[in-house]
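Peer 1: Provided herewith is a single structure, encoded as structure tokens, for subsequent inquiry.
Derivation of every value follows stated rules applied to the coordinates shown; laboratory data play no part. What you see is a predicted model, and the numbers here were worked out from it, not measured in a lab. Glycine gets a Cβ as well: all are built from the backbone with ideal geometry, and neighbour counts include every protein chain shown.
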Amino acid sequence: MISNPSLPATLRAPSPGWGTDFIANLGRAARSPGLPAADEIGYVCSLEYVEAATGACRPRPEASMSLADLANPTRFLAFAGRLIPWLAGLTLVLFIAGLALVAHSPADYLQGETVRIMYIHVPAAWLSMLTYSIMAIAALGTLVWRHPLADVAARAAAPIGATFTALALVTGSLWGRPMWGTYWEWDARLTSVLVLFIMYLGLIALWRTIEDPTRGARAAAILILVGSVNLPIIKFSVDWWNTLHQPASVFRLGGPTIDATMLIPLAAMALAFTSLLVTLHLAAMRNEILRRRIRALGLTAAGAIR
Amino acid sequence: MIAVLGPYAGFILLSYGAAALATFGLTVWIVLDHRRLSNTLAALEARGVTRRSARAAARLAPETPLETQA
């Protein structure tokens, strides 16, 4: 236990349930001038693991690589740096395989060749929801564990999610014009996905509005969780309301209604897009950590001048 | 190619064009952002701007292992 007299009393004396309080108090202490224990993105680690030379939170020496270790930003940067090239290569291979399967897939008996739009529309739509789900889990990480890396994950995912949602809307419109006779219809599925897109944009705007990442994190996390009510609405909109959009044909009770000659290329493209999401998200998280490190260094430099 | 894709070839090609634009656009943006951020960080460190946590940790206990402070 730490009994350094320079620390506030809340950090010196253990209290009932001190584990949680201790970490929370460390967080407060770390924001006070002259007190250690938070690194450049506000990550708090136990004091005995602060690297004296660099100030980084060093990993526990006896532990093997685990999820808890990845929560250390310095370790996460090293992990991401090793993994991103492999993931990028895997994504490229998956896209080549997926597009080859799409090229050899048959035309639909009703839609004709236009069915090929589905091989990008459906994965994009899935990923628009998957990305928001990742953000919702990250928002829980921000609010429950108050871990800044959770906010880094959510913030890095938002532009990627917004892009996939826009792609789903655009390709859906381009499919809708020849097949439905209209680019847009205010039906429940289309409208709820448009709301999802606006949510993404709103969240990006919110993060950019609040300059302090710690304060912005909590506000964004609350908005993410409120917005997550839209996810089941999107999923079940085709069942709850009489929509122009077709009901689920892959993830449904009774199994997929699509023939294997189309289901396999669709699954391959979905896998390729998911791999792309994981790669880009890791890379964007790495960027966000660097951005916060630069911000912290900039504040330090400004403070030194003053 | 366009003839093979039938009467709605334009819509199909536009969709794939949009997908290519979205994926390449995101990738290029993230790669360039990483390059810019790495350069900025390197420039700051070259100017001797050190991390707050580094100075704070050194100030707290430069020699004494914290485990022994109980």
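Peer 1: Arrange the following residues from fewest to most other Cβ atoms within 10 Å of their Cβ: B:Arg47, A:Arg177.
Peer 2: B:Arg47, A:Arg177
Peer 1: In nanometres, what is the gap between the two model label sites at A:Ala78 and A:Leu244, each 7 Å from Cα along Cα-to-Cβ?
Peer 2: Placing both labels 7 Å along Cα→Cβ, they lie 5.5 nm apart.
Peer 1: Right, something else. Could you list A:Glu185, A:Glu288, B:Glu45, A:Glu211 so that the one with the fewest beta carbons within 10 Å of its beta carbon is first and the one with the most is last?
Peer 2: A:Glu211, B:Glu45, A:Glu185, A:Glu288
Peer 1: Would you calculate the separation in nanometres between label points at A:Thr261 and A:Leu110, each defined as 7 Å from the Cα along the Cα-to-beta-carbon direction?
Peer 2: 1.7 nm
Peer 1: Right, something else. Please give the length that would be gained between A:Leu140 and A:Thr209 if that part of the chain were fully extended, namely 0.36 nm times their separation in residues minus their C-alpha to C-alpha distance (nm, one decimal).
Peer 2: Gain on stretching A:Leu140 to A:Thr209: 22.7 nm.
Peer 1: Can you put A:Ser128, B:Ser38 in order, fewest other beta carbons within 10 Å first?
Peer 2: B:Ser38, A:Ser128
Peer 1: Over 21 Å, how big is the tail of the calculated P(r) for region A:71-286, in percent of all Cα pairs?
Peer 2: 58 percent
Peer 1: Another one. So what's the Cα pair-distance distribution over region A:136-193, bin width 10 Å, in %?
Peer 2: 22, 32, 22, 18, 6
Peer 1: Same structure again: How many nm is it between the label spots at B:Ser38 and A:Tyr183, if each spot is 7 Å from the Cα in line with the beta carbon?
Peer 2: Between B:Ser38 and A:Tyr183, the simple spin-label model gives 4.0 nm.
Peer 1: Something else: Exactly which trypsin sites (Lys or Arg not before Pro) in region A:184-253 are in a DSSP loop and have at most 13 other Cβ atoms within 10 Å?
Peer 2: Of the trypsin sites (Lys or Arg not before Pro), the ones in loops of region A:184-253 whose Cβ has at most 13 other Cβ atoms within 10 Å are A:Arg252.
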